[in-house]
1. Nearest 10 degrees is fine. How inclined is helix 2-24 to the longest principal axis of the chain, computing both from alpha carbons?
2. From the helices alone, meaning DSSP H stretches of at least four residues, give me the mean residue ellipticity at 222 nm for the chain, per-run term -39500 (n - 2.57), in deg cm²/dmol to the nearest 500.
3. Say R0 is 45 Å: what FRET efficiency, to the nearest 0.05, do residue 285 and residue 127 get from their beta-carbon distance?
4. Could you work out how much longer the chain between residue 101 and residue 430 gets when fully extended? Use 0.36 nm per residue separation minus the Cα distance between them, nm to one decimal.
5. For 276, 440, 349, 14, what ranking results if the residue with the fewest other Cβ atoms within 10 Å of its Cβ goes first?
6. Report, to the nearest 10°, how far helix 230-248 tilts away from the longest principal axis of the Cα atoms in the chain, using its own Cα long axis and a range of 0 to 90°.
7. Most exposed first by the Cβ proxy, i.e. fewest other Cβ within 10 Å, how do 388, 375 rank?
8. Under the 0.36 nm per residue contour assumption, what length would be gained going from the current alpha-carbon distance of residue 374 and residue 145 to full extension?
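Laboratory data are not the source of any read-out in this text; all were calculated from the coordinates shown. These numbers come from a predicted model, not from an experiment. When we count neighbours, we look across all protein chains shown, and the Cβ atoms used for this are built from the backbone with ideal geometry, even at glycine.
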Amino acid sequence: MDQDNRINNDRESYIDALRKELLYLIERELTPLALKYRYSEVPLESKIKWKPVVLLLGNYSSGKSTLINEFLGVKVQHSGQAPTDDCFTVITSMEDEEELVSDHDVDERDGKVLLYDPQYPFEILKKYGDRFASHFRLKKVRGASKLKNLAIIDTPGMLDSVTEKDRGYDYQEVIGDLAQLSDLVLVLFDPHKAGTVRESYASLRETLPEKTFEDRLIFVLNRIDECGNLEDLLRVYGTLCWNLSQMTGRKDIPRILLTYAEEASSGGEPKPFLGYLGNKRNELQQAILNAPKHRLDHLASFVEHHSSRLSTLLEALIAYNKKRSTFSLRMSLFGLLGSLFFAACIGLYIDLVQPFGDISDGMAIFWGGALGTFMYVGWNILLYKYFMKFFHDQIMANLDQLANKDTQKQRDSWAKISGPLAEFLNSDRRMTSLALKKEYETVNRIYAKGAQEIRLAINQLGTIKVNQTQELDKNSPMISKPTGTQLD
Ligand SMILES: Nc1nc2c(ncn2[C@@H]2O[C@H](COP(=O)(O)OP(=O)(O)O)[C@@H](O)[C@H]2O)c(=O)[nH]1
Ligand SMILES: [Mg+2]
């Protein structure tokens, strides 16, 4: 037993060291570039610095709130048949000191604290305005040990006929941003609306594939106790599979956990098929508890993801600078040759035609040279600027030429960075090739070494034994203690 505890402690501290290393890479290396090049409006780490997060999505009355209450063993959320709860609720535990001073078992706070307190990762949601803020709240639960290292977000049920105007904010955008910062996303359905709700169609078709990864999604068919018999359940299951394949655009059917809340189902006559199927409730609860373990993978993907996109952005800036230098050199040469030609013509004209009377060869050369120089200066001051603006407009009209888009990954990266790139190029073009090259090397080093070595270290975790953590610590090139400020 003692041995097990030591293994666990060693693992925990090793995981913690890896987590800090990854956060360090993001905070110190990627964020300054992401902000500088307008790739992100907020520091990148703000989305992942907080606790691991589980997001619950699903149509109204699919049993999200009931699942949360059951998981915590406390009635934190209201539940009911009608779509009454139209709030996004972040649920986590009280801190020890808060438990001492709070008079309630559940402390409910306005969503503004989540948006404006930098310890939370929700700053990004400020852009959805006051209507959203009034539908966002925080609940802190006393003694919720399961939430010490975890937060759950309950969401308003997905509806059919609702529009952005009705909600007052863009629901799909909000759940996209929340999914992006979540380590696990549970999508709940129930037998009455097995995937037929319009908002769930939009989110599964577009929002979720764009904002999160397949392996972070779990589909749940909840409330199966309400099916009349096995045949009824099979019909519902088939409908859901069909709808899911339509929504996700995939031919293979993802795994769907079949489950129900025993407490909510009591009262009805027992259904024999439920005994035969078994309830996957424990599996579902275990998946929620395991979410923190995905955080390291999530962080490593985060580093890879953003460093590769920043690398595409820097590549495009380097290409822009290169084209600009070539064009500028060409224009300067053109101006120089034009001015020389002009000087020679003027000199010859003065010398041969003698329009100003008898002028010596030396004076003709002098006047030719002076007018040529004047023309060159005029060129550089007036026309060169005009041509460089012409160059910039040409590039902006066809920004695609700055990037390589052979692979799908490159095309995806480009879709994300072309907007910030255009904004940056239109506002600030002062960048030296040397500085760009250095930044490019930095993000590639982070991508190639950082994330990959961390992944290797994560894989080693599976086989870790007591006292080996220190060995790993020494051997891992990434686990060098960061100098400078503590990350958390
Ligand atoms: N029979 C049955 N009822 C359930 C189950 N889960 C939730 N309910 C009931 O369904 C209604 C809606 O549940 P709720 O948790 O509020 O759904 P939400 O809108 O997704 O949060 C409530 O009346 C619950 O008691 C279940 O597994 N079986
Ligand atoms: Mg609810």
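1. For 2-24 against the chain, the angle is about 30 degrees.
2. -16500 deg cm²/dmol, from helical runs alone.
3. Computed FRET efficiency for residue 285 and residue 127: 0.85.
4. The residue 101-residue 430 span can extend by a further 113.1 nm.
5. 276, 349, 440, 14
6. Helix 230-248 and the main axis of the chain meet at about 10 degrees.
7. 388, 375
8. Here the answer is 74.5 nm.
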